[in-house]
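Written below as structure tokens is the structure these notes are about.
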Amino acid sequence: MKILVIEDERKLARFIKQGLEQHGHVADLTHSGSEGLDHIAGGLYDLVLLDLMLPGQTGFEVLQNIRAFGLTVPVMILSALSDPDKVVQGLDLGAVDYLRKPFDFNELLARIRVLQRRSTTSDNVVLRVADLEMRLVSHEVVKNKITLDLTNREFALLELLMRRAGQLVTKNEIAEKVWAVDFDMGSNVIEVHIYQLRKKLDSVGLSGLIETLISRGYRLKTT
């Protein structure tokens, strides 16, 4: 998942980001409500982790604005405010979950997995293209019982290509979905990851599965 963390306590924010990325997610950080809203409006996020006691706009105000703008991204509140009234208020404003601080990081990961299962229908828990099978919940990619050893970034890149199999996926789309908002479009990082991903696909007999459309982007063959 690509996750936005809106948390003004910078040490905690870095800890959450590091933990998420170690478990296969892509995470961006913001430290104020207004900055968070800008990121949500301009980014493609699967989940927002939202603190309530933020400078400027409170988390409640951020949540109200997210819904007022018609944005449907799921929001999980992470807050030291444990009053039941605050929990109810957050859920009534559109949050999908409320986790009280201090929290166990494994519990946070478990709740994220629950949200993944809710948002992943039975038709796309497993993605299949050619002989390649991607198991989203267990985070595995298998070809004829051989499991590919992919990095988190390679997995996210391949997932995007598999979801759009047969279609052009531009470099801008890859940067928005797989990398952070401050990604340098002038770098060759995407090309390097495509190269490494191709090598791993080649090793299981899937040479040429990823096509390069010069000056346009990439496409995953369907046969």
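The values are calculated or read from the model by the stated rules, or taken from the named source; none is laboratory data. Being a predicted model, the structure only gives us computed values, none of them experimental. No Cβ is skipped: glycine too gets one built from the backbone with ideal geometry, and neighbour counts run over all protein chains shown. Each accessible area value is taken on the protein alone, full model and side chains, heavy atoms only, with ligands, DNA and RNA left out. Shrake-Rupley method; radii C 1.70, N 1.55, O 1.52, S 1.80 Å.
Scanning segment 13-40 for residues that are assigned to a loop (DSSP other than H, G, I, E, B) and either in contact with a strand residue (DSSP E or B) (Cβ under 9 Å, 6 or more places away or on another chain) or open to solvent by less than 30 Å² (accessible area, probe 1.4 Å) (or both) yields Gly24, His25, His31, Ser32. The residues in segment 170-223 that are of a type in the set (Gly, Ala, Ser), open to solvent by less than 70 Å² (accessible area, probe 1.4 Å) and either closer than 26 Å to Lys143 by Cα or in contact with a Gly (Cβ under 8 Å, 6 or more places away or on another chain) (or both) can be counted, and the count is 3. Selection of first residues in segment 144-155 that are on the phi > 0 side of the Ramachandran plot and of second residues that are in a loop (DSSP other than H, G, I, E, B) and open to solvent by 50 Å² or more (accessible area, probe 1.4 Å), restricted to Cβ pairs under 9 Å at least 6 apart or on distinct chains, gives the following pairs, ordered by first then second residue: Asn144/Asp131; Asn144/Gly205. Say whether the condition of being over 23 Å from Glu176 (Cβ atoms) and open to solvent by 60 Å² or more (accessible area, probe 1.4 Å) is met by at least one residue in segment 41-55. The answer is yes; a qualifying residue exists. What do you reckon, is Val96 crowded, with 17+ Cβ neighbours inside 10 Å and closer than 21 Å to Leu12 by Cα? Taking the combined requirement at face value, the residue does not satisfy it.
Which one is modelled with the lowest pLDDT among residues in segment 62-90 that are among the aliphatic types (A, V, I, L, M) and over 22 Å from the mean Cα position of the chain (by Cα)? In this case the residue turns out to be Ala68.
In segment 182-202, what residues are closer than 20 Å to Asp131 by Cα and in contact (Cβ under 8 Å) with a residue 40 or more places away in the chain? Those that are closer than 20 Å to Asp131 by Cα and in contact (Cβ under 8 Å) with a residue 40 or more places away in the chain: Gln196, Leu197, Lys200, Leu201.
Suppose we keep only residues that are free of Cβ contacts under 8 Å to residues at least 40 places away in the same chain and charged (D, E, K, R) within segment 156-181. Which one would you say is farthest from Ile3 (Cα to Cα)? Out of the qualifying residues, it is Arg163. Looking for something more than 17 Å from the chain's Cα centre (by Cα) and among the hydrophobic types (A, V, I, L, M, F, W, C) - is there at least one such residue anywhere in segment 40-53? Within segment 40-53 (the criterion being more than 17 Å from the chain's Cα centre (by Cα) and among the hydrophobic types (A, V, I, L, M, F, W, C)), the answer is yes, since at least one residue qualifies. Checking each residue in segment 127-157 for being out of contact with any Ser or Thr (no Cβ under 9 Å at 6 or more places or on another chain), farther than 17 Å from His23 by Cα and not basic (Lys, Arg) picks out Leu127, Asp131, Leu132, Glu133, Val142, Asn144, Thr147.
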